[in-house]
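Take a look at the structure below.
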Amino acid sequence: QVAALMGFAAPLIALTPYKGVLYNMVGHGAAGKSTALQVMTSVWGQPIESHIDTRDNEIPMYNFIGYMNAVPIAMDELTHMDPDKLAKFALSFTSGRGKMRAGRDGMNKTNETEWETIVVGTSNTSLYDKIATHRKGYTAEAMRVYEAVVAPSDDRYKPHVMEHIALLEQNYGHAGRIFM
């Protein structure tokens, strides 16, 4: 439910003093976290179009977030992300812009990669723990992550969920337009 609400909340970040919010759902496998990401991103478009792979390189990842701008972004399986890359992402993403670059002539390029949105991730272990263990006491990155524990799912609901996911794959992108 929270992930679905994040889908509607992402464009409203522009009305706050924040540029980026990083929210993580942590829990065991088969808890429905990845399914929740599909529900969230279906508010604005095809359920997996605004998903970032944790193996993606840094610059294309920020360019994609900038391109999506206010649309919620999904990052499944943050557990697999390198701890240093994760810590840097937590700091950089919440600033609301991509990193500055210079051309071969040494002059700064114009940085037009900006966003005001929410990234919702999933992991099997706490990002707080992952960042704190790697950074040894430096907690600025962890302070930029909101995290909620997701309880294991009940197998009795799986057929019902699969039925609704099939509907979602045929009907997406309408709710966000109506909401706005």
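The values are calculated or read from the model by the stated rules, or taken from the named source; none is laboratory data. Here the structure is a predicted model, which is why all the values come from computation and not from measurement. Cβ: placed from backbone, ideal geometry, glycine included. Neighbour counts: every protein chain shown. Just so you know, the surface numbers come from the protein's heavy atoms only, side chains and all, with ligands and any DNA or RNA stripped out. Shrake-Rupley method; radii C 1.70, N 1.55, O 1.52, S 1.80 Å.
Between their Cα atoms, which of K33/K88; K109/K130; K88/K158; K88/K109 are more than 32 Å away from each other?
Check vs 32 Å cut-off fails for K109/K130; K88/K158.
With N set to the residue count of region 31-135, report its C-alpha Rg divided by 2.2 N^0.38 Å to two decimal places.
1.14
Go through V161, G98, T110 and say which Cα lies farthest out towards the positive end of the charge dipole of region 33-180; charges sit on Cβ, +1 for Lys and Arg, -1 for Asp and Glu.
Most positive-ward Cα: T110.
Under a plain spin-label model, where a point goes 7 Å from the Cα along Cα-to-Cβ, how far apart in nm are V161 and N111?
3.9 nm
Of P83, V149, M25, which is farthest towards the positive pole of the chain's charge dipole, taken about the Cα centre with +1 and -1 on the beta-carbons of Lys, Arg and Asp, Glu respectively?
P83
Once both axes come from the Cα atoms, what is the angle between helix 58-68 and the longest principal axis of the chain, in degrees from 0 to 90, rounded to 10?
Helix 58-68 and the main axis of the chain meet at about 60 degrees.
In Å², and per residue, what accessible area does the chain have when probed at 1.4 Å with the other protein chains present?
Here the residues of the chain average 58 Å² of exposed surface.
Two decimals, Cα atoms only, Kirkwood Rh: what is Rg/Rh over the chain?
When Rh is taken as the Kirkwood radius, the ratio is 0.99.
Nothing charged except the Cβ atoms of Lys and Arg (+1) and of Asp and Glu (-1): what's the magnitude of the dipole of the chain about its Cα centre? Round to the nearest 20 debye.
500 debye
Any idea what angle helix 33-42 forms with the longest principal axis of the chain, computed on alpha-carbon atoms, 0 to 90 degrees, nearest 10?
Computed tilt is about 80 degrees.
Can you give the three extents of the C-alpha atoms in region 92-180 along their principal axes, from longest to shortest, in whole Å?
Principal-axis extents of region 92-180 (Cα, largest first): 60, 39, 24 Å.
With all protein chains present, how much of the accessible area of region 127-169 (probe radius 1.4 Å) comes from carbon and sulfur, to the nearest whole percent?
Result for region 127-169: 61 percent of the exposed heavy-atom area is carbon or sulfur.
Once both labels are modelled 7 Å past Cα along the beta-carbon direction, what's the F8-R177 spacing in nm?
1.9 nm
Would you mind counting up the charge near M162? Only other residues with Cβ under 13 Å from its Cβ, with Lys and Arg at +1 and Asp and Glu at -1.
Surrounding charge for M162 is -1.
Tilt of helix 158-170 relative to the longest C-alpha principal axis of the chain, in degrees (0 to 90, nearest 10)?
60 degrees
Of N57, N124, N24, which is the most mobile in a GNM of the chain whose springs link Cα atoms less than 10 angstrom apart?
N57
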